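Just so it is clear, none of the values below were taken in a lab; they were calculated from the coordinates. This structure is a prediction, so every number in the text was calculated from the model and none was measured. Here Cβ is always computed from backbone atoms with ideal geometry, including for glycine, and neighbour counts include all displayed protein chains.
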Amino acid sequence: MKLRHLAHSRTGDKGNTLNVSVICHDPLDYAFLRDEVTAERVKAHLGDVVRGDVVRYELPALAAFNFVLGQALGGGVTRSLALDAHGKSISSALMNLEVGDRAPSA
């Protein structure tokens, strides 16, 4: 199933670094997503878009994660020639990540 069935996302940028949050629709899915949505999987899923490191911060009280993606904005908003220099579409791309085959919480 796609990550979007269990979570939604927001992004923010600072220079050439992008923050992508993954926020569970249901807090009961947090432990499952903690195992499924690792920094390594996020980096692999986003491919060449992220040229730097990916660091995951866990926010269990919010049933959320914050991923910090280094070198992800083509040099930053003022330098990038990308159509989406702020990286907003990256959150949509991340929501296409395939996670285990378990049904979402009811």
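Can you pull out every residue in segment 3-62 that is of a type in the set (Gly, Ala, Ser) and within 20 Å of Glu98 (Cβ to Cβ)? If the condition is that a residue be of a type in the set (Gly, Ala, Ser) and within 20 Å of Glu98 (Cβ to Cβ), then Ala7, Ser9, Ser21, Ala31, Ala39, Ala44, Gly47 are the ones that fit. State yes or no: is Asp29 surrounded by 13 or more Cβ atoms within 10 Å (Cβ to Cβ) and in contact with a Gly (Cβ under 6 Å, 6 or more places away or on another chain)? In short, no.
Residue-wise test of (1) within 16 Å of Ala63 (Cβ to Cβ); (2) touching a strand residue (DSSP E or B) at 6+ places or on another chain (Cβ under 6 Å); (3) basic (Lys, Arg).
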| site | (1), (2), (3) |
| --- | --- |
| His5 | yes, no, no |
| His8 | yes, yes, no |
| Asp13 | no, no, no |
| Asn19 | no, yes, no |
| Ile23 | yes, yes, no |
| Leu28 | yes, no, no |
| Phe32 | yes, no, no |
| Glu40 | no, no, no |
| Ala44 | no, no, no |
